[in-house]
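Single-structure report; data block below.
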Amino acid sequence: MSEQLIENFFGNQQETIDAENYRCGFVAIVGRPNVGKSTLLNHLLGQKLSITSRKPQTTRHKILGIVTENNVQAIYVDTPGMHKREPRAINRLMNQAAQSALKDVDLVLFVVDGLKWTPDDDLVLEKLSRVETPVILVLNKVDTVTDKESLLPYLTTLSQKRHFSEVIPLSALRGHNLTTLHELVGRYLPYAPPMYAEDQITDRSQRFLAAEMIREKIMRQMGDEVPYDLTVQIESFKVEGRLYRIDATILVERDGQKAIVIGEGGQKLKTIGQAARLDMEKLFDSKVMLSLWVKVKGGWSDDERALKSLGYGDI
Ligand SMILES: Nc1nc2c(ncn2[C@@H]2O[C@H](COP(=O)(O)OP(=O)(O)OP(=O)(O)O)[C@@H](O)[C@H]2O)c(=O)[nH]1
């Protein structure tokens, strides 16, 4: 009886995982802020995982997004946008995180924004000059390029800047050419069995994802005066069957910012909470009860110790 069970177990495994033909590896997604790295990751995953907004430097952590399809498991590392100015500790940590993501990967996707080349793109290119890993140039946001004739000469100019293993124009937002990209990625990954379960999409905790979703909603709701100066801390995260009870605190630098985040009669905070809750319910496939508070904690974004206590130490 148990012999049969063992046989069944291994028999089934062999059917689902063809280890000899399997490819699995790490892919870093790099590029200056706002080129669409997080959007690309989300659309490759077919799920909202990495937060996006129109404001640059939305991403502060590297996130693993795992895409498993057709005997290929691509483990994507989304990196904070690299940028030249490092006025505060958080900017230094973000740049360090982006650079460390380039080590120990099998492939790098260098994402650029349409025909818009800036000095920050040169900075990324400079960092890539020390990388021996194959690099695919991803020209994102092609949907915004009105003069299609200029695309090919532009790609030729970019290809002269360094050797790219492949060059692919796509639109992350519209989902154009993403299947081709996934196929190309597969060709550069080593033959190896999958590292994660085939239905796993990230190694990040639900707690972390919940905090990121709240932060995204604040960034979308707020004017320029607040976003870079705040962070979200999850105080309590309880799962009771299909019900999640989440308490979170939004930390801001100044009293004035607290008033802005809360809004008149608490209206702004309510909108933020509602939008974040709906996203969480989708991602966790459960009902979510979310309580939000706003607290003033001056100086956190320039204080390395405070940053570490808020979870930025391991980026
Ligand atoms: N038109 C168009 N917009 C896009 C495309 N991809 C991303 N965007 C938009 O570009 C903006 C920035 O996208 P993000 O994905 O947050 O960019 P990011 O590179 O991750 O930014 P950081 O977190 O700052 O590094 C958002 O408003 C996206 O909707 C695209 O293919 N076409």
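The values are calculated or read from the model by the stated rules, or taken from the named source; none is laboratory data. Bear in mind the structure is a predicted one, so any value in this text is a computation, not a measurement. Here Cβ is always computed from backbone atoms with ideal geometry, including for glycine, and neighbour counts include all displayed protein chains. Just so you know, the surface numbers come from the protein's heavy atoms only, side chains and all, with ligands and any DNA or RNA stripped out. Shrake-Rupley method; radii C 1.70, N 1.55, O 1.52, S 1.80 Å.
A few comments on the model shown:
- Under the simplified labelling scheme, the Lys295-Arg187 pair shows an inter-label distance of 5.2 nm, with each label point 7 Å from Cα along Cα→Cβ.
- Extension gain for Arg242-His163 works out to 23.4 nm (0.36 nm per residue, less the C-alpha to C-alpha distance).
- Note that the stretch 167-173 has calculated 3J(HN,Hα) couplings of 10, 9, x, 7, 10, 5, 5 Hz, one per residue in order, obtained from phi through the Karplus relation 6.51 cos²θ - 1.76 cosθ + 1.60 (θ = phi - 60°); glycine and proline are x.
- Residues with amide H under 5 Å from that of Glu253, placed H, sequence gap 5 or more: Lys297
- For Tyr22, distant residues with modelled amide H under 5 Å away: Ala192
- Residue list for the stretch 144-159, given a label point 7 angstrom along the Cα-to-Cβ vector of Arg174 and an amide N cut-off under 12 Å: 144-148
- Residue-level accessible surface for Ser171, protein heavy atoms, 1.4 Å, Å²: 0
- Phi angles of the stretch 115-129 translate, via the Karplus equation with coefficients 6.51, -1.76, 1.60 and θ = phi - 60°, into HN-Hα couplings of 9, 8, 9, 10, x, 5, 5, 4, 4, 4, 4, 4, 4, 6, 5 Hz per residue; Gly and Pro are given as x.
- Low-density loop positions, GluC sites (Glu not before Pro), the stretch 157-265 - DSSP coil, at most 12 other Cβ in 10 Å: Glu198, Glu225
- Length gained when the stretch Trp117-Leu151 is fully extended (0.36 nm per residue, less Cα-Cα span): 10.9 nm
- The slack in the chain from Gln200 to Lys282, taken as 0.36 nm per residue of separation less the alpha-carbon distance, amounts to 27.9 nm.
- Scanning residues 5 or more positions from Tyr76 or on other chains, those with amide H under 5 Å from its amide H are Val27, Gly65, Ile66, Val67, with H placed 1.01 Å from N in the peptide plane.
- Beta bridges per DSSP with both ends in the stretch 92-209, % antiparallel, nearest 5: 15
- Shape category assigned to the stretch 138-200 from the gyration tensor of Cα positions, a/c cut at 1.5: oblate
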